[in-house]
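Beneath this line is the structure, given in C-alpha cells, with notes to follow.
The values are calculated or read from the model by the stated rules, or taken from the named source; none is laboratory data. This structure is a prediction, so every number in the text was calculated from the model and none was measured. For neighbour counting, all protein chains shown are included, and Cβ atoms are generated from backbone atoms with ideal geometry for every residue, glycine included. Ligands, DNA and RNA are stripped out before the accessible areas are found, and what is left, the full protein with its side chains, is counted by its heavy atoms. Shrake-Rupley method; radii C 1.70, N 1.55, O 1.52, S 1.80 Å.
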Amino acid sequence: MYAVEAVNLYKRFGDIVAVDHVSFAVKKGEVFGLLGPNGAGKTTTIRMLTGVLKPDDGTAKVMGIDVHEEPIKAKSLIGVVPEEANPYPDLTVRDNLTLVGMLYGLTQGDIEERIRGLLKVLDLYEARNRKARTLSKGMRQRLLIAMALISEPQVLFLDEPTSGLDVINARKIRDLIRSLAKAGVTVLLTTHNIEEAGAICDRVAIINKGHIVALGNPDELKIKTSKHMYLLAVFNKPLKEEELAHYLDPYEYRVNGRKLSVICEDPGDVMERLLSYVKSSGVKMISIQTSQPSFEEVFLRLVRR
C-alpha cells in the first residue's frame, strides 16, 4: 500500500485544463517533491490529494483510503500546510496549537504533551506565549507546520514550505523534513527551489502544463535526461554574443559578461572552436572547466522540452 496515490487525476477550470490525467505514487516514509513552473498544476494536484478540490476524473488516495469517498477518515491521517496559510494572528503560539488539537478531538492531556514536544522540536518554546502576529515569517512557518503535526499525521503535505524564508529558517525547515521522514512520516512537498528539492527529496515528479514530464530520483533524472556536459569558460573582458555565434553554432550557449557556458556532448570540439575565436578576436581565456548538469539545469531542459 502506498502512502499517497494519484491515479489519472484530471481537473478542468472552464476552458483551462489544470491537471491532465496525472498519476504517481508515494511510498511510506518518503520525501516526494512535486516540481514545476508557475501554473503547471502543482497546487491543484495537492488540493485534489488533500480533499480540498474534487477531481473531474481519477482517484486520490491516502494510506489506501479514497480521499473523496471517505474524506473524514482520509483527512484524519494527513497534515497540510498550504502556501498562503496563516495562523490565527490574535492567538498565542500555544493557543493556536491548542485550538487545532481540540478540532481534532484530542484530550487536554494529549494536547499539552504534544505542544511541549512540538515547541521544542521547532524551536518555538521561548515564543509560546507570543501572539502569532508578532512572529517573524520563519517562526510563523514553523508554527503552521506544528499545527499540521499536532494530530500526528502519517502524511504531511507542504506547499512551498521555504518560500520567502532566509537561509537559516529555510535550513531549519529542511532539517525538520528530513527528521520527519526518518521518523516514518511521509512528506509530499512542492517547491520552486529546484536544488533544494534535489537535495532533500527521495524522488520527484516534474509537472508542466498539467502533465508529468519526468519521475524518479533526482540523480537518476540527471543521468537519464541529459547526456550533455556543461563547459564554462571565463575570459579577460566581456564577450560579444554576435561574434560567438559564428564559432558556436549550433551549440546551446549563454553569455554573462566575461563568462560563457556551453551545453555540449563533445567538449573537445567546443574547446577547438573557442581557441579559434580567441585567435581571431584578441580576447584571452582565463579559465575553462567542464561539469555535469545541475538538477536545476535538468529541470529547465525538461520543462522547455
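With the simple spin-label model, which puts each label point 7 Å out from Cα in the Cβ direction, the K259 to T134 separation comes to 4.4 nm. As an equivalent ellipsoid, the stretch 155-230 spans semi-axes of 23, 15, 13 angstrom, where each value is the square root of five times an eigenvalue of the C-alpha gyration tensor, largest first. Largest first, the extents of the alpha carbon coordinates of the stretch 111-176 on the three principal axes equal 30, 29, 18 Å. Given in Å, the Rg to one decimal and the Dmax to the nearest whole number for the Cα atoms of the chain are 23.7, 79. Of all DSSP beta bridges confined to the chain, the antiparallel ones make up roughly 70%.
When the solvent-accessible area of the stretch 6-57 is split by element, carbon and sulfur atoms take up 47 percent of it, the probe being 1.4 Å. What net charge is computed for the residues neighbouring D159, neighbours being all others with C-beta under 11 Å from the C-beta of D159, Lys and Arg scored +1, Asp and Glu -1? Neighbourhood net charge equals -1. Of the GluC sites (Glu not before Pro) found in the stretch 246-284, those that fall in a DSSP loop while having at most 15 other beta-carbon atoms within 10 Å are E265. Ellipticity at 222 nm from helices only: DSSP H runs of n ≥ 4 in the chain, each -39500 (n - 2.57), divided by the residue count, give -11000 deg cm²/dmol.
Averaging 1/r across all pairs of distinct Cα atoms in the stretch 110-243 and inverting the result yields a Kirkwood radius of 17.8 Å.
Is there a pair in K28/K209; K182/K209; K240/K279; K237/K279; K73/K137; K75/K222 whose C-alpha atoms are over 24 Å apart, and which pairs would that be? Correct reply: K28/K209; K182/K209; K73/K137; K75/K222. Per-residue packing, averaged as other Cβ atoms within 10 Å, sorts the ranges 51-63, 118-130 into the order 51-63, 118-130, beginning with the highest. Stretching the chain fully between E126 and K27 yields a gain of 32.1 nm (0.36 nm per residue, less the alpha carbon separation). Residues of the stretch 185-217 with an amide N closer than 17 Å to a point placed 7 Å from the Cα of Q289 along the Cα-to-Cβ direction: none. Computed on the stretch 225-282, with alpha-carbon pairs under 8 angstrom and 6+ residues apart, the relative contact order is 40 percent. Only aspartates and glutamates eight or more places from K27 in sequence, or on another chain, were considered; those with a Cα closer than 12 Å are E5, D202.
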